[in-house]
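Below is one structure; the comments refer to it alone.
The values are calculated or read from the model by the stated rules, or taken from the named source; none is laboratory data. All values reported here derive from a predicted model rather than from experimental measurement. With ideal geometry, Cβ positions are generated from the backbone for all residues, glycine too; neighbour counts draw on all protein chains shown. Areas reflect the complete protein model, heavy atoms only, side chains present, ligands, DNA and RNA absent. Shrake-Rupley method; radii C 1.70, N 1.55, O 1.52, S 1.80 Å.
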Amino acid sequence: MQPIISVQNLTKTYASGFQALKNVDLEIRRGEIFALLGPNGAGKTTLISIICGIVNASSGTVIADGHDIVRDYRAARSKIGLVPQELSTDAFESVWATVRFSRGLFGKPPDPAHLEKVLRALSLWDKKDSKILALSGGMKRRVLIAKALAHEPRILFLDEPTAGVDVELRHDMWQMVRGLREQGVTIILTTHYIEEAQEMADRVGVINRGEIVLVEDKVALMRKLGRKQL
Ligand SMILES: Nc1ncnc2c1ncn2[C@@H]1O[C@H](COP(=O)(O)OP(=O)(O)OP(=O)(O)O)[C@@H](O)[C@H]1O
Ligand SMILES: [Mg+2]
């Protein structure tokens with residue numbers, strides 16, 4: 001089967017001269033949950049940001065669902081949803097307006113029923129008329145997820161989805177991610193926690209200092225970890 005995302009020889013050197021990604025090759029399989037594991041500063045957000053079209057690569061190519069992310073960026077971006085690591089939403093907008101606007105950004109026709117389904121799934125329906133600034137941190141994070149799902153992406157990136165999230169919500173989010181996968185959405189999440197990768201992922205990639213160190217089926221990886229080979 002064709003990979004849904006194909007990253008080839010991707011390099012990123014920031015203006016400061018710092019090389020954040022070094023010849024990264026990575027293929028994401030259609031319909032899988034892929035966990036990208038790595039320490040602070042490894043390059044996880046940089047890699048995701050390039051695939052999502054927020055940061056320019058220095059060299060290399062990325063194909064997302066058949067679309068080159070540079071030459072065919074509009075089509076590529078419409079397939080992708082991103083839940084960013086940093087909370088950044090318009091504080092004075094209502095939840096509903098924010099989510100509706102996100103969908104419109106991708107040129108999709110309004111679909112209140114879809115938005116209602118997303119908000120209900122994230123337990124945000126009763127907050128739909130609240131201003132973002134009046135929500136708790138965990139709720140704001142859920143709004144970011146709702147925004148990312150508003151245009152029905154086939155690929156969802158979650159950059160540290162459970163940072164700052166309580167245990168109960170963390171389990172709810174895992175549940176939600178599995179539900180999305182059942183609907184055929186491919187999911188790539190980053191995490192610092194091996195347990196989270198273990199709980200969620202079909203495959204795990206480890207990145208360190210801008211290099212992909214390994215990519216393995218979770219089960220095989222856990223066996224190795226058990227034998228302390230890593
Ligand atoms: N705009 C920028 N200019 C210069 N260097 C940057 C920039 N953004 C990121 N970096 C550097 O690139 C490296 C990778 O950063 P990145 O945010 O991709 O790491 P990360 O794996 O997401 O880390 P974390 O787990 O802390 O989120 C870091 O050393 C960081 O300082
Ligand atoms: Mg990051």
Which whole-number percent is the relative contact order of the stretch 13-76 (Cα, under 8 Å, 6+ apart)?
-> 22 percent
Rounded to whole Å², per residue accessible area for the stretch 1-116 with a 1.4 Å probe reads 52 Å²
Averaging sequence separations of C-alpha pairs under 8 Å and six or more residues apart, then dividing by the length of the chain, give the relative contact order as a whole percent.
-> 28 percent
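Using only alpha-carbon positions, what ratio does the radius of gyration of the stretch 126-168 give when scaled by 2.2 N^0.38 Å? Don't skip to the end; give the middle numbers.
On the way: Rg = 11.4 Å, N = 43, 2.2 N^0.38 = 9.2 Å.
The reported ratio for this selection is 1.24.
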Which whole-number value in Å³ per residue fits the convex hull of the alpha carbons of the chain?
-> 128 Å³
Looking at the stretch 21-101, which chymotrypsin sites (Phe, Trp or Tyr not before Pro) are DSSP coil and have at most 14 other C-beta atoms within 10 Å of their C-beta?
-> Phe92
Percent of Cα-Cα distances greater than 22 Å, calculated over the stretch 18-109 | 38 percent
Once the Cβ-Cβ distance between Arg71 and Arg30 is put in as r, and R0 is 22 Å, what FRET efficiency do you end up with, to the nearest 0.05?
-> 0.55
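Applying 1/(1 + (r/R0)^6) with R0 = 22 Å to the Cβ-Cβ distance of Leu133 and Leu105, what FRET efficiency is obtained, to the nearest 0.05?
Working: r = 21 Å, r/R0 = 0.97.
Once the sixth-power term is evaluated, E becomes 0.55.
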Everything considered on the Cα gyration tensor (a ≥ b ≥ c; rounded for a/c under 1.5, else prolate if a/b is larger than b/c, else oblate), the stretch 1-46 must be described as oblate
Report the paramagnetic label zone for Leu87: residues of the stretch 95-122 whose backbone N is under 15 Å from a point 7 Å from Cα along the Cα-to-Cβ axis.
-> 95
In Å, the Kirkwood estimate of hydrodynamic radius for the stretch 158-222 over Cα pairs equals 12.6 Å
What does the helix-only formula give at 222 nm for the chain: each DSSP H stretch with n ≥ 4 adding -39500 (n - 2.57), the total divided by the residues, and the result rounded to the nearest 500 deg cm²/dmol?
-> -10000 deg cm²/dmol
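Looking at the P(r) of the stretch 93-226, how many percent of alpha-carbon pairs lie beyond 20 Å?
Details: 4493 of 8911 pairs.
Every Cα pair in the stretch 93-226 considered, those over 20 Å come to 50 percent.
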Label points 7 Å out from Cα along the Cβ direction at Glu152 and Asp202: separation in nm?
-> 2.2 nm
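Just for the chain, what percent of DSSP beta bridges are antiparallel, to the closest 5?
Numbers: 20 of 38 bridges.
Restricted to the chain, the bridges split so that about 55 percent are antiparallel.
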Expressed as a whole percentage, what fraction of the accessible surface of the chain belongs to carbon and sulfur atoms when a 1.4 Å probe is rolled over the protein heavy atoms?
-> 50 percent
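In square angstrom, what is the accessible area per residue of the stretch 170-212 with a 1.4 angstrom probe? Could you put the intermediate results ahead of the total?
Working: 1940 Å² over 43 residues.
Each residue of the stretch 170-212 exposes 45 Å² on average to a 1.4 Å probe.
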Rounded to whole Hz and in sequence order, give me ³J(HN,Hα) for the stretch 181-194 from the Karplus expression 6.51 cos²θ - 1.76 cosθ + 1.60, θ = phi - 60°, writing x for Gly and Pro.
-> 4, 4, 7, x, 7, 8, 10, 10, 10, 9, 7, 9, 9, 4
